[in-house]
4 protein chains.
Amino acid sequence: MGSRVRAVVAGATGYSGRELIKLILTHPGLELVGAYASRASDPTPLDIVHPELIGRTSLACRPYREEEIASLEPGLIFLATPNEFSHEVVPSALETGARVVDLSGSFRLRDRLLYPAFYGFEHLRPDLLGEAVYGMTELARESLSGARLIANPGCYPTSIILPIWPLIDADLVEEDQPVICDSKSGVTGAGKAPTPTTHFVEVSESFRAYNIFRHRHTPEIAQGLELPLESRRLIFTPHLLPINRGILSTIYLRLRKGVARGDIMRVWRETYADSPLIRIFPGAQMPEIKFVANQPYCDLGCAMDEATGQAIVVSAIDNLLKGAASQALQNANLALGFAEGTGLL
Amino acid sequence: MGSRVRAVVAGATGYSGRELIKLILTHPGLELVGAYASRASDPTPLDIVHPELIGRTSLACRPYREEEIASLEPGLIFLATPNEFSHEVVPSALETGARVVDLSGSFRLRDRLLYPAFYGFEHLRPDLLGEAVYGMTELARESLSGARLIANPGCYPTSIILPIWPLIDADLVEEDQPVICDSKSGVTGAGKAPTPTTHFVEVSESFRAYNIFRHRHTPEIAQGLELPLESRRLIFTPHLLPINRGILSTIYLRLRKGVARGDIMRVWRETYADSPLIRIFPGAQMPEIKFVANQPYCDLGCAMDEATGQAIVVSAIDNLLKGAASQALQNANLALGFAEGTGLL
Amino acid sequence: MGSRVRAVVAGATGYSGRELIKLILTHPGLELVGAYASRASDPTPLDIVHPELIGRTSLACRPYREEEIASLEPGLIFLATPNEFSHEVVPSALETGARVVDLSGSFRLRDRLLYPAFYGFEHLRPDLLGEAVYGMTELARESLSGARLIANPGCYPTSIILPIWPLIDADLVEEDQPVICDSKSGVTGAGKAPTPTTHFVEVSESFRAYNIFRHRHTPEIAQGLELPLESRRLIFTPHLLPINRGILSTIYLRLRKGVARGDIMRVWRETYADSPLIRIFPGAQMPEIKFVANQPYCDLGCAMDEATGQAIVVSAIDNLLKGAASQALQNANLALGFAEGTGLL
Amino acid sequence: MGSRVRAVVAGATGYSGRELIKLILTHPGLELVGAYASRASDPTPLDIVHPELIGRTSLACRPYREEEIASLEPGLIFLATPNEFSHEVVPSALETGARVVDLSGSFRLRDRLLYPAFYGFEHLRPDLLGEAVYGMTELARESLSGARLIANPGCYPTSIILPIWPLIDADLVEEDQPVICDSKSGVTGAGKAPTPTTHFVEVSESFRAYNIFRHRHTPEIAQGLELPLESRRLIFTPHLLPINRGILSTIYLRLRKGVARGDIMRVWRETYADSPLIRIFPGAQMPEIKFVANQPYCDLGCAMDEATGQAIVVSAIDNLLKGAASQALQNANLALGFAEGTGLL
């Protein structure tokens, strides 16, 4: 098939890193040449870190070292690393000449002044913030083609911006009314570190809201919907579901007088006409998490009370795939000139 | 202990019936004298119907027969039976002289014209609809004392009316703004009948919204909050959680200018000052389902963006207890003159 | 790629059928030309039967009709249908000229006299019983090449025969000692029909043994291990896990004096040297269900008390894949001359 | 009711400690006067440690200090603390004059030489090892009456010794044959500390065996069954279930020639004639975890192949109750002269 693009995954010990590795291993145009951990540790075979990889790769996961990675001459580097770590290593990763897809939040917000409050660190590379393409694939295809640095979107923002931005852009949404996003996520969204809030017993047979009014993804969603944070129109409440993977968002918004459910469907269909990974549910059947688990899709559905203009949009994604690894692959595909769904469909 | 009140449970094969039986068996003032099924069937020992009752009762569950029940001379009859069945047997149950607590929806709505659309049958007893006390215990104590017929509230309405009605009653809530109730329930709420939507595989590792804009509990919630259905101010979206029991409701409402979070807490504290089964969460810790599972409490918490008046209320109950069986016991306790928490605390 | 083999799936509404469809849709050498249900029903688009297929196929699931299927000129027919149904339609399916892979139990047992007791019907086609190749892929490759009728193994038998048969065949196992198979399966193994035992609430937060001493897979396992049923050496206890998919079997057996753990590993390595879908766990890390869920592998591990010769073998598969659909694909691949892992790796 | 016995719980932050607190709060003869943590920490209200206790107690959990506890003049001290911690504080706890129930393993094994290998510390109090009553309640009632120090049994041992010891004691079990205990436990058994193996995502939708041939409970079970460790007749394999609470043990044993299933039932009925917390399942219905979850019972059932003498015993308990806290209460009840089931039934 000709030579494949040499790909490196940093953050290989986490859940998103593991999904990236699995996707790269079956991608016809990529070759996995390196796997790295953001924390110092002895090199460990990937199939010991993730026993499900037994028989599928003989690579080891090694501590991140910039020169070693450069020496691999990668064409593509995925950073599934903590925010501050990505912030620090993106410049040297770019210097290797590789295209860089950063799955952390460290290059997603255009307004660098938001970083201290929401990410706890001062952003030192406004130049790269300006260059980074926010990779909500279906809404950013042109910018993605040939992009050097891609800020891969957060999981919650993906589940909200993909359904809602086209409606705002088409001017269907009533101004001055809140957009209420009641989102529910599986536990992989909280990462692999064992904490009291990810303990099986604390999650199973329970359900809870968290970080009400102050989740880190709020400014990213606001930016994606062009609802200025200071307008306080965006209300985002994340919840923790007792499942491994998947996000379902129930989104309440008021549409302009005269807008009908059919208008929503029409706008979605037009926006996503050539988007193999967006699925529009036409009727009363709403998206459910099980339809997208282990799948690269974003599913969209809506119900509407036309008398009041009240719309209820339901979206579902797999937070590790369309909310992280498979969207990163979509973005890499476009940056490298592959078809968007290569290795995913 | 003096003579105990003779209690009968109809609908003993279901989940609410089972919970009622367990509560009665340990209640110091009640004696379980009969257990009945709404469907014809051979008498079956309760510990075969519900093996968890092995060693705890030797009663059998028998097909419902009005004369047989009358002959037991019950002081208390719980009907945890289907809506139409309750509608049919309540009159003869009252004729036995017992107090009747109906856990179905058949006597909850004051407007009988709503029954055909929401329950699929014509209501034939407007007189009893008028007499029935809607048993949202903490908001109805005076009417419950000595009540003959009690319409026990639905599970979703309990989780919404208990937190929100006091705020509306205290005139804290902005008029003309929607009250959005995003509710999530465990699967026992769907009953014990095996259906495609209660199949383990269809529920586990998934999550979904259902009956958007048209759930049967909508008019009951609207009635409890005095938000007329035709105002369309109430928006209620139920979801199915992959857990056995528990409901968490996330409720979005706009408060009047100048109302602060402290006002919500004050109103709740005043309203529920003498309510041992309402627990108000004072700080940032929000109610979670695990705190109320297998418990008779309704937990309340709230967060607020005071700049906009946007409040987010979080409530949690066990749908089989405060949402069904334990609230029925609270109501029976008050009707019979026992302390409200007898057998529950 | 040249012309692809035309494939039909009967039993398309069930879980195994759904997995077969997904595998065929991404298989480079197969084309899905028909989907059928064993029960009469109106034709229904596959993406309504299984909404996760939205956007992936426009085929409908139609009621099984022999002539219609013949008219499709299929090269391959998968029967993921009930036992008696498969028994009835296999002859006409073979007459189409297609290779037939039957995922039911109706052609697995060589001794037709076992059918009435274990499957509840008289087997009428001893000729086809004789012809059918029992498709435990890695142990039957030669017979599978070019096979016309393949009896695809049961899920529990796959998890037991793959690890244990090579040990018996290599004469490592003490005679006259029982082989105790304590197996645990996810709920998809019980099929898609809603029943009291597959109700979410009856399964979640619970665990149970069932059909002790009398599960239908017992004679199939006995046949595969060449432990005659009448010897009663095989003890098989299935249990139901509160998960969707996966089987883990813990198997207790006594090895001959002097046999060491290394002998087990050596026999497995030799037997499965060229088996990409068998993974041998070399050390203390044992197979777990999560390593094989949604994967086509059978994972093998063992621990041993060499002083007594007591071995404990642990195996894991995804019951819908290696225990059903992906093994059916492996078998079809071999029958058609494809590489065994085509479409699976 | 006269004065109640003053009770202290050490290890109040863990799951067993929490269950003890809930049981004591509703026990008619006990008064909770102190709650302690084994680790240094600031005093924290119990309802912040365990929000489900909101409204039920105003006690704080305080760091363990021997003099402070002595000053409370307790009549009863529960130690739900780590093994080494219990080993260290039991002597001073006894000096307060209180009866001490230790839920750790530090006083369960009569042979002190086993401690270094199985618990990692040298046992320094052989005198107290000799005095401690092993509190498998139903098999130790006489020794428990008035006991000063009670070693509360482990969860797995409870699920195995209660069903099997009476059969061994009645000489029904074939000698020289292994007793194979395939046990499955919920995650609360692993404690509250967040670890990679208790992370929700690592447990949910999975299942695994662990510590094969070398679990710490092995010598305790061997001691309880009088199967000397060196005989290697006891084979015990624990597994981790994706549920919160409950243990089910499937136990394989060979009975002597001529022993019938009825003999097992008879022995159990005789042994447990006056045991309200043992429930014997008479027929084909086997114990299941859901029947004992949140209940203080041990349920027993069995199936038998009389031709070979192969018996399969199935037992179920709630690991936090009969496997820890409620058995501790049973034992305390007997030590203090209360009826065994006080506060439990």
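If I filter the range C:53-72 for residues that are on the phi < 0 side of the Ramachandran plot, of a type in the set (Asp, Glu), modelled with pLDDT under 95 and in contact with a strand residue (DSSP E or B) (Cβ under 9 Å, 6 or more places away or on another chain), do I get at least one hit? No - not one qualifying residue is present in the range C:53-72.
In the set (1) among the aliphatic types (A, V, I, L, M); (2) within 8 Å of another protein chain (Cβ to nearest Cβ); (3) open to solvent by 10 Å² or more (accessible area, probe 1.4 Å), the condition left unmet by B:LEU240 is number (2). The one condition from (1) farther than 21 Å from A:ILE312 by Cβ; (2) open to solvent by less than 40 Å² (accessible area, probe 1.4 Å); (3) within 11 Å of chain B (Cβ to nearest Cβ); (4) touching a residue at least 40 places away in the same chain (Cβ under 8 Å) that A:THR197 does not meet is (2). Applying the criterion of being open to solvent by 40 Å² or more (accessible area, probe 1.4 Å) and under 21 Å from C:LEU94 (Cα atoms) to the residues of the range C:138-159, the residue that is modelled with the lowest pLDDT is C:GLY146. Does C:ARG269 satisfy the condition of being among the charged types (D, E, K, R) and within 20 Å of the chain's Cα centre (by Cα)? It is false that C:ARG269 is among the charged types (D, E, K, R) and within 20 Å of the chain's Cα centre (by Cα). The residue of the range C:276-286 that is farthest from the other protein chains (Cβ to nearest Cβ), among those that are open to solvent by less than 10 Å² (accessible area, probe 1.4 Å) and over 18 Å from D:ARG214 (Cβ atoms), is C:LEU277. Exactly one residue out of B:LEU334, B:LEU300 is crowded, with 24+ Cβ neighbours inside 10 Å, away from chain A (no Cβ under 14 Å) and in contact with a helix residue (DSSP H, G or I) (Cβ under 8 Å, 6 or more places away or on another chain), and it is B:LEU334. Of the helices (runs of 4 or more DSSP H) lying entirely inside the range A:235-345, those containing at least 3 residues that are more than 29 Å from A:SER206 (Cβ to Cβ) are A:261-271, A:325-336.
For D:SER145, the stated conditions do not hold, so it cannot be described as touching a Gly at 6+ places or on another chain (Cβ under 8 Å), within 14 Å of chain C (Cβ to nearest Cβ) and over 27 Å from A:LEU241 (Cβ atoms).
Of the residues contained in the range D:249-267, none is found to be open to solvent by 10 Å² or more (accessible area, probe 1.4 Å), facing another protein chain (nearest Cβ under 9 Å) and free of Cβ contacts under 8 Å to residues at least 60 places away in the same chain.
Among (1) under 23 Å from A:LEU167 (Cβ atoms); (2) surrounded by 21 or more Cβ atoms within 10 Å (Cβ to Cβ); (3) away from every other protein chain (no Cβ under 11 Å); (4) within 18 Å of the chain's Cα centre (by Cα), which single condition is A:ALA324 missing? The one condition A:ALA324 does not meet is (1).
Scanning the range A:160-180 for residues that are more than 9 Å from chain B (Cβ to nearest Cβ) and either assigned to a strand (DSSP E or B) or buried (at least 23 other Cβ atoms within 10 Å of the Cβ) (or both) gives A:ILE160, A:ILE161, A:LEU162, A:PRO163, A:ILE164, A:LEU167, A:VAL173, A:VAL179. Of the listed requirements (1) among the β-branched types (Val, Ile, Thr); (2) under 23 Å from A:ALA10 (Cα atoms); (3) touching a residue at least 40 places away in the same chain (Cβ under 8 Å); (4) in contact with an Asp or Glu (Cβ under 9 Å, 6 or more places away or on another chain), A:VAL187 misses just one: (4).
Give me the pairs: first residue in the range D:206-225 and closer than 21 Å to C:LEU248 by Cβ, second residue open to solvent by 10 Å² or more (accessible area, probe 1.4 Å), beta-carbon distance under 6 Å, and six or more apart or on different chains, which are they? Matching pairs, first to second residue: D:SER206/C:GLU288; D:SER206/C:LYS290; D:ARG208/C:GLU288; D:ARG208/D:LEU240; D:ALA209/C:MET286; D:ILE212/C:ALA303; D:PHE213/C:ALA303; D:PHE213/C:ASP305.
Does B:GLN310 meet the test of being over 11 Å from the mean Cα position of the chain (by Cα), within 14 Å of chain A (Cβ to nearest Cβ), farther than 29 Å from B:ALA260 by Cα and modelled with pLDDT of 95 or more? For B:GLN310, the condition - over 11 Å from the mean Cα position of the chain (by Cα), within 14 Å of chain A (Cβ to nearest Cβ), farther than 29 Å from B:ALA260 by Cα and modelled with pLDDT of 95 or more - is not met. Among the residues of the range B:86-101, those identified as closer than 12 Å to B:SER38 by Cβ and either open to solvent by less than 30 Å² (accessible area, probe 1.4 Å) or in contact (Cβ under 8 Å) with a residue 60 or more places away in the chain (or both) are B:SER86, B:HIS87, B:VAL89. The residues listed here are A:ALA293, A:ALA273, A:ALA316; of these, the one that is within 11 Å of chain B (Cβ to nearest Cβ) and open to solvent by 20 Å² or more (accessible area, probe 1.4 Å) is A:ALA293. If you filter the range C:28-47 down to residues that are in contact (Cβ under 8 Å) with a residue 40 or more places away in the chain and in a loop (DSSP other than H, G, I, E, B), you find that the one that is least open to solvent (accessible area, probe 1.4 Å) is C:GLY29. Filtered by the rule that a residue be open to solvent by 10 Å² or more (accessible area, probe 1.4 Å) and touching a strand residue (DSSP E or B) at 6+ places or on another chain (Cβ under 7 Å), the range C:102-111 gives C:LEU103, C:ARG108. Counting residues in the range B:12-27 that are without any contact (Cβ under 8 Å) to a residue 60 or more places away in the chain, touching a strand residue (DSSP E or B) at 6+ places or on another chain (Cβ under 7 Å) and over 18 Å from B:GLN330 (Cβ atoms) gives zero.
Starting from residues that are within 19 Å of D:GLU175 (Cβ to Cβ) and not aliphatic (A, V, I, L, M), keep the ones in the range D:210-233 and report whichever is nearest to the chain's Cα centre (by Cα). Ranking the candidates gives D:GLY224 first.
Of the residues making up the range A:219-230, at least one is closer than 22 Å to A:ARG108 by Cβ and within 10 Å of another protein chain (Cβ to nearest Cβ). Checked against the criterion of being within 13 Å of D:ALA7 (Cα to Cα) and either open to solvent by 10 Å² or more (accessible area, probe 1.4 Å) or among the β-branched types (Val, Ile, Thr) (or both), the range D:48-68 has at least one qualifying residue. Scanning the range C:181-194 for residues that are within 17 Å of the chain's Cα centre (by Cα), surrounded by fewer than 22 Cβ atoms within 10 Å (Cβ to Cβ) and either more than 20 Å from C:ILE289 (Cα to Cα) or within 10 Å of chain D (Cβ to nearest Cβ) (or both) yields one hit, C:LYS192.
The values are calculated or read from the model by the stated rules, or taken from the named source; none is laboratory data. Quick caveat, the model's predicted, so the values are computed rather than measured. Every residue, glycine among them, receives a Cβ derived from its backbone with ideal geometry; neighbour counts consider all protein chains shown. Surface areas here come from the heavy atoms of the whole protein model, side chains and all, with no ligands, DNA or RNA. Shrake-Rupley method; radii C 1.70, N 1.55, O 1.52, S 1.80 Å.
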